[in-house]
1. Can you confirm whether ASP204 is in contact with a Lys or Arg (Cβ under 7 Å, 6 or more places away or on another chain), part of a loop (DSSP other than H, G, I, E, B) and not aliphatic (A, V, I, L, M)?
2. Could you grab me the full set of residues in segment 386-400 that are under 19 Å from ILE274 (Cβ atoms) and not in a loop (DSSP other than H, G, I, E, B)?
3. What pairs come out if I take residues in segment 132-161 that are at negative phi and in contact (Cβ under 8 Å) with a residue 24 or more places away in the chain and pair them with residues that are charged (D, E, K, R) and exposed (fewer than 13 other Cβ atoms within 10 Å of the Cβ) whose C-beta lies under 8 Å away, six or more apart or interchain?
4. For segment 371-385, which residues satisfy the criterion of being surrounded by 18 or more Cβ atoms within 10 Å (Cβ to Cβ) and not in a strand (DSSP E or B)?
5. Scan segment 213-264 residue by residue and report those that are in a helix (DSSP H, G or I) and buried (at least 17 other Cβ atoms within 10 Å of the Cβ).
6. Does ARG239 satisfy being over 19 Å from the mean Cα position of the chain (by Cα) and within 30 Å of LEU208 (Cβ to Cβ)?
7. Pull up segment 284-307, narrow it to residues that are without any contact (Cβ under 8 Å) to a residue 40 or more places away in the chain and assigned to a loop (DSSP other than H, G, I, E, B), then point me to the one that is least open to solvent (accessible area, probe 1.4 Å).
Amino acid sequence: MEGPVIVEDQWAQKLSFDPAAARTVYRDGVLSSYAALQPGDLVYWSESMRTLWAYTTRVSGTITAITPSDSPTSVTLAGNTYSIETPSAAYALSPLGTYQVGDTATLLLGRSGGAAAVTDRISASSTLYGLIEDISTQTYTDKHGESYAAKTLHLIATDGSKHTFPCQEKYLRPGDLVEIFPVGEDVKIQRLKQDSVTGVVSGDGARLGQTPLAQNAEILDVYENTALRIFPNRLAGLRLTEPGMVKYYRLNAAGEITHLILNNVTGDLHQYGIVTSVDSIEGGLSMMSSYTYEVGGQTFSTGPISQIFQISVGPACFVSKKGSLDSMTNLTPVALTSLEGDKASAVNATWRLWENAPVYELRDNEYYPSSRSIVDHGGYTLTGYYDKPSAEGGMIRILVARPQAD
């Protein structure tokens, strides 16, 4: 594998073969096409395989550290430190290069997740759309080594990348949808005017109602001040029939949807696990409850709280708000006949299986973490637990296996 190069003017001339003749193109690990490559993509290639690998993740913000300063191996930007993957990025961040501590820049992250290239913070031809994840005050160092504090906006863009920008606008809040675009040497940040569209997504994820999705459409599902990038095939067959389900969309000149922001449609932003105990506690004139649950191998307990959840022991969905547990809801069971890849078959239906679905073995009314590899060997009766119907974005979120001997 050779590279990388940035997709920009005359970039194809830097490759050892014509990229338009590539047999296979991957974009962020997903099979794609040469036509789907966008300016700013980072491309690796193999001439013998006639294959391109493109990566689109980038982070923008102020450079706060370069270590070591004379021959850099890491750079800190947007609150995170990244290893430097390529000699060209190391040179750009060296004393002989273009970017120094205090400069604003964009890191293009390569196949190992490190900084593979450095460019201007936001190109003149690009606009970012996304969700404000947080607004904080951060301390920066300018080019003269002086420290200063600035209000900082943390953005999750529709392509899933994260960015930070100094922000003077007082009316913006976490959870707001914004667009960020260049104005001279600076950028302008303004709240997006919500614009909805309705319809049923086609089975191949290519259309929303009668409106086609662009091949490189950027889709974000948001809840409160969190967001997750979604790919079109995740939406296949969904009924986006209520105006509030889509918070924003944008069309290109061909009438295709290029950007789509959903309002907590998929449920993929929430957590799924097992409620292991529910206890009622007498608290004088009021009733209190205590809940214990397990998510991702970790056990949590609410302690005595006055909030009463209509929940029982078993698989559940956990929704957080402002960093705290806001609700928990039992999932709905369905008896499964087989599993194959990301599909779970029942008697009269086929369900999509969430890629992060945990597996538990149920023995003597106790849930024990297990794995798909164990279950696939057979000897179990399988039950899938889903959050909502498939047409509403639901999936099998949890698998529970009961030994057939039971």
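The values are calculated or read from the model by the stated rules, or taken from the named source; none is laboratory data. The shown structure was predicted, so the numbers you read here are calculated from the model rather than taken from an experiment. So basically every Cβ, Gly included, is an ideal-geometry build from the backbone, and we count neighbours across all protein chains shown. Areas reflect the complete protein model, heavy atoms only, side chains present, ligands, DNA and RNA absent. Shrake-Rupley method; radii C 1.70, N 1.55, O 1.52, S 1.80 Å.
1. The answer is no for ASP204.
2. TYR386, ILE396, ARG397, ILE398, LEU399, VAL400, listed by residue number.
3. ILE132/ARG173; ILE135/ARG173
4. VAL375
5. PRO232, ARG234, LEU235, MET245
6. Yes; evaluated as a whole, the condition is true for this residue.
7. Taking segment 284-307 and keeping what is without any contact (Cβ under 8 Å) to a residue 40 or more places away in the chain, we get 284-293, 295, 298-307.
Now drop any that are not assigned to a loop (DSSP other than H, G, I, E, B), which leaves 284-285, 302-304, 306-307.
Details: GLY284: 73, LEU285: 190, THR302: 41, GLY303: 19, PRO304: 86, SER306: 92, GLN307: 85 Å².
Restricting to residues being without any contact (Cβ under 8 Å) to a residue 40 or more places away in the chain and assigned to a loop (DSSP other than H, G, I, E, B), the top hit is GLY303.
Residues are listed down the side, and each one gets a yes or a no for (1) assigned to a loop (DSSP other than H, G, I, E, B); (2) surrounded by fewer than 16 Cβ atoms within 10 Å (Cβ to Cβ); (3) within 19 Å of the chain's Cα centre (by Cα); (4) modelled with pLDDT of 90 or more:
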position: ALA105; (1), (2), (3), (4): no, no, no, no
position: LEU108; (1), (2), (3), (4): no, no, yes, yes
position: ALA117; (1), (2), (3), (4): no, no, no, yes
position: GLN138; (1), (2), (3), (4): no, no, no, no
